[in-house]
Amino acid sequence: MVVEVAGLATCTVNNRCYRWRDRALVSEAGATNAASSVTENCRFIEVDPLKRYAPLVAAFLLAGLVAFPFLRNLATGERGMPGAQIGGHFTLQTFEGPLDTASLETELIMIYFGYTYCPDVCPTEVARMAQVYAGLGNDKKRVSGLFVTVDPERDTVATVTEYARAFEPTFKGLSGDRVRIEQVMRRYQVYARKVGEDPTNYTVDHSSRIYVMDKDAKLMALFSMDTDISTMIAQVRTFL
């Protein structure tokens, strides 16, 4: 669910309340899906970005090493990223049934790999992906947005669907069994590692990148967390 509270975009998923202003985001447990409760329970809190992202530094460094050979192509506007062994079509479950990405009729596909229990990075990045989508104006109908879970044990199809739609109603949430999820993660060189021994209460360290693929699931661009929205919008437009 998404509501507007004092100029802040707010959504509640998995009993957490998310609010963001620009690039700052706060999550607070205990919120409900009632707009009045969101207003009462969600309060903007200053968060130290270094502390917030510290647990993921190792994951992002690894992701950077994997992606480095391709990142220099991001600003060229070329179609495709020569030599990139990332991508390919896949089939996972959506709320409407199995989705084969080859069946998508859009020219581009934006993909983010994360999980719905993620306290900060995932909602921030999916919100940024939604901003890019909205920033394309009339061209947004030429782009699909997908949220793929890296935590299928907890993220059901219904949960990822609610999560994705909370940021953009046209975005699709995808889940599946662990074997299929890991197959897709390997093809997209996604790093993810469970942290914690509790089978239901744990976090997942994971790489955080927004993928832009063409209709053949060929990698066009990778956007990191420090890529600004205007740059991403301009880059995506070059591929349309």
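Observations on the model:
- Breaking point among (1) within 18 Å of Ile181 (Cβ to Cβ); (2) crowded, with 22+ Cβ neighbours inside 10 Å, for Glu153: (2)
- Residue identified as out of contact with any Lys or Arg (no Cβ under 8 Å at 6 or more places or on another chain), surrounded by fewer than 16 Cβ atoms within 10 Å (Cβ to Cβ) and hydroxyl-bearing (Ser, Thr, Tyr) among Thr200, Thr238, Thr227: Thr238
- Scanning the stretch 168-179 for residues that are touching a strand residue (DSSP E or B) at 6+ places or on another chain (Cβ under 7 Å) and either surrounded by fewer than 24 Cβ atoms within 10 Å (Cβ to Cβ) or not polar (S, T, N, Q) (or both) gives Glu168, Thr170, Phe171, Lys172, Gly173, Leu174, Gly176.
- Extreme residue, surrounded by the fewest Cβ atoms within 10 Å (Cβ to Cβ), among residues of the stretch 95-129 that are in contact with a Cys (Cβ under 8 Å, 6 or more places away or on another chain) and not in a helix (DSSP H, G or I): Tyr112
- Ser208 vs. criteria modelled with pLDDT of 95 or more, more than 23 Å from Thr91 (Cβ to Cβ) and either hydroxyl-bearing (Ser, Thr, Tyr) or surrounded by 18 or more Cβ atoms within 10 Å (Cβ to Cβ) (or both): yes
- The single condition among (1) on the phi > 0 side of the Ramachandran plot; (2) within 14 Å of the chain's Cα centre (by Cα) that Gln189 does not satisfy is (2).
- As for the stretch 182-193, it holds at least one residue that is part of a strand (DSSP E or B) and modelled with pLDDT of 95 or more.
- Residue list for the stretch 205-221, restricted to those being among the aliphatic types (A, V, I, L, M) and closer than 22 Å to Ser103 by Cβ: Ile210, Val212, Met213, Ala217, Leu219, Met220
The values are calculated or read from the model by the stated rules, or taken from the named source; none is laboratory data. The structure displayed is predicted, hence computed values, not measured ones. Backbone-built Cβ (ideal geometry, glycine too); neighbour counts: all protein chains shown.
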